[in-house]
Amino acid sequence: MFLLFLIGFVTLAKGDAASRTVVWSDEFNGPAGSSPNRNNWNFDIGGSGWGNNERQYYTNSTTNAALDGNGHLIITATTEGASQHNCWYGKCQYTSARLNTAGHFTHTYGRVEARILLPVGQGMWPAFWMLGNDFGQAGWPGCGEVDIMEYRGSLPTVVQGTIHGPGYSGAHGISAVYTNPKTGQFFSDNYHVFAVDWSENEIRWSVDGVTYETRTPSDLPKGTTWVFNKPFFILINFAVGGNFPGDPNSSTKFPQLLKFDYVWR
């Protein structure tokens, strides 16, 4: 559920009667086919490869990011209409969407979570993540990046969480993986809650309330800097192909759907 924009403080009960203060949320309650709330989200546009040789062109079209009328945001990766756009490799093969909260909502510390239904298939690369709000000045990876949930559609029982910073980025990011504990079940079968609990000098990752990774400055390579004690903004995107998942192949079906129930901070 996405579209409720909360400024201020609302306390919600979660799980085993634990409660916390939600200072911002987007719950996708709106007419079917409508765009996500532009007061919450910006769209990144283009087919540059985004530093990872990704194959999709990101649009701001409701073909690629729209509410379903039942409280969800649907990000669609599709081949339809892709060839009208130019990508780094020539005519584009896929379109999709990437949204961020920069300029609308930034935050330092607290719990950040989303309830997500993931796709499945070779080359699918959805992510729920954060970048330092000083991205424009420090660049990447100096700004810091926290991957709350990153996923390869070819490995449908596994997700991972990662931090990237100066001296520990890209293939050298500091990661851990989480495997679905329910034998035979994929992350594409049901919605799951992906979260980080973030405080000064500590970030903890969880799936459905189960903590699987904790990172502190002591985990960094010698001589590098912890760059996560400052404001960050939120991103959600659905990449197709690239260095991390590999490109789609003949087994990959399109369109593919990435579904968000909510995003909370």
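The values are calculated or read from the model by the stated rules, or taken from the named source; none is laboratory data. Note that the structure is a prediction, hence the values are computed from the model and not measured. Neighbour counts run over all protein chains shown; Cβ positions are idealised from the backbone, glycine included. Note: accessible area is taken over every heavy atom of the protein model, side chains too, but ligands, DNA and RNA are not part of it. Shrake-Rupley method; radii C 1.70, N 1.55, O 1.52, S 1.80 Å.
Quick check on packing: order 125-134, 47-56, 148-157 by the mean number of other C-beta atoms within 10 Å, highest mean leading. Kindly include the intermediate steps, with their values, before the conclusion.
On the way: 125-134: 23.1, 47-56: 19.0, 148-157: 21.3.
The packing order, highest mean first, is 125-134, 148-157, 47-56.
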Exercise for the section: Treat every Asp and Glu Cβ in the chain as -1 and every Lys and Arg Cβ as +1, leave all other atoms uncharged, and give the resulting dipole magnitude about the Cα centre to the nearest 20 debye. Expected result: 160 debye
Practice task
Give me the accessible area per residue for the chain, probe 1.4 Å, as a whole number in Å².
Solution key: 42 Å²
Handout entry: Rg to Rh, two decimals, where region 109-159 supplies the alpha carbon set and Rh follows Kirkwood
Key = 1.07
Exercise for the section: Work out how far the C-alpha atoms of region 63-209 reach from end to end along every principal axis, then list the three figures in whole Å, largest first. Expected result: 45, 43, 33
Practice task
Take the alpha-carbon centre of region 120-135, take the same for region 78-93, and report the distance between them in whole Å.
Solution key: 20 Å
Fill in the blank from the handout: In Å, the Kirkwood hydrodynamic radius from C-alpha pairs for region 9-129 sits at 16.2 Å
Exercise for the section: Take the cross-link list LYS182/LYS259; LYS91/LYS230; LYS222/LYS259 and give me the ones stretching past 32 Å between alpha-carbons. Expected result: LYS91/LYS230; LYS222/LYS259
Completion exercise
For region 210-265, inverting the pair-averaged 1/r of distinct alpha-carbon atoms gives a Kirkwood value in Å of 16.0 Å
Completion exercise
Counting all Cα-Cα pairs in the chain, those more than 26 Å apart amount in percent to 39 percent
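Which percent of the accessible area of the chain is formed by carbon and sulfur heavy atoms (probe 1.4 angstrom)?
Details: 5530 of 11070 Å².
Ligands and nucleic acids excluded, carbon and sulfur give 50 percent.
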